[in-house]
Amino acid sequence: PAVLLDSSSSLLFSLLLAQLPVFTSASPVPQRRSNDLDKLSNQTKHLMKITQELLKEHAFDSDVEPHRFKSLPEMSNRSAHDLNNLEVMPTLSQLHADLKLYEHHFEWLNRVSKKHHHPAVPKLVEMVREMKSLITLLHRHMLRVEAPRLSPATPSLPPHLPYQFDVLQSTNELLQHFKLFCDWAYRAFLSLKPKVSAVQ
């Protein structure tokens, strides 16, 4: 009987070992990573909506003096074609660095707008808050997949805006630029979703 018990135990052990790949594949980790990407894309879409509302509500002059801000992330080299070729780690790291840079620019704009009592201030405050939330969410996801954190570029901001017209122009340029970024980032998060679960 003792021998029979040992062989039964051995058979049970073998069966359990055979099931291990099944248990591993059912791990919640890839699902959680996929859910993270859903949250990131939804939050980005929400930020884009706030940006569009600001542009619409305050009817900024469309004749913007370009390149007032020299340190904004470069968008002209990002195309829809590139989305299929994005790699998880570098893309997450770059988006995080870009968002930190936008955060600096919009915090500066928020301070300047308050001085000039601009009516867009409440919405700008909401925008900065949502941006910080997205950055935190993205950083948390980067830690999970062990994506490196890049050092953000130093923002180059106008030293002084004496007139409300300058504030309007600066606001318009930043919002237009950020709208393009949000649109691209939203698509990037969606394209990374099937890839991120494959990251070990």
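The values are calculated or read from the model by the stated rules, or taken from the named source; none is laboratory data. Keep in mind the model is a prediction, meaning the values are calculated, not measured. Just so you know, the surface numbers come from the protein's heavy atoms only, side chains and all, with ligands and any DNA or RNA stripped out. Shrake-Rupley method; radii C 1.70, N 1.55, O 1.52, S 1.80 Å.
Annotation: extensible slack from Ser71 through Lys195 equals 41.6 nm (criterion: 0.36 nm per residue apart, minus Cα-Cα distance).
Net length available on complete extension from Glu53 to Val121 is 23.2 nm, with 0.36 nm assigned per residue and the Cα-Cα distance removed.
A 1.4 Å probe, protein heavy atoms only, puts the accessible area of His177 near 40 Å². Computed from backbone phi, the HN-Hα couplings of the range 117-132 come to 6, 6, x, 7, 3, x, 5, 5, 4, 4, 4, 4, 4, 5, 5, 4 Hz, rounded to whole numbers (Karplus: 6.51 cos²θ - 1.76 cosθ + 1.60, θ = phi - 60°; Gly and Pro given as x). Listed here are the pairs Lys49/Lys193; Lys45/Lys195; Lys56/Lys179; Lys56/Lys132; which of them are more than 18 Å apart at the Cα? Exceeds cut-off: Lys49/Lys193; Lys45/Lys195; Lys56/Lys132.
Judged by the ratio a/c of the largest to the smallest principal axis of the C-alpha gyration tensor, the range 34-198 counts as prolate, that ratio being 1.5 or greater while a/b is larger than b/c. Shown for the range 34-198: the carbon plus sulfur share of the solvent-accessible area, taken with all protein chains present and a 1.4 angstrom probe, equals 53%.
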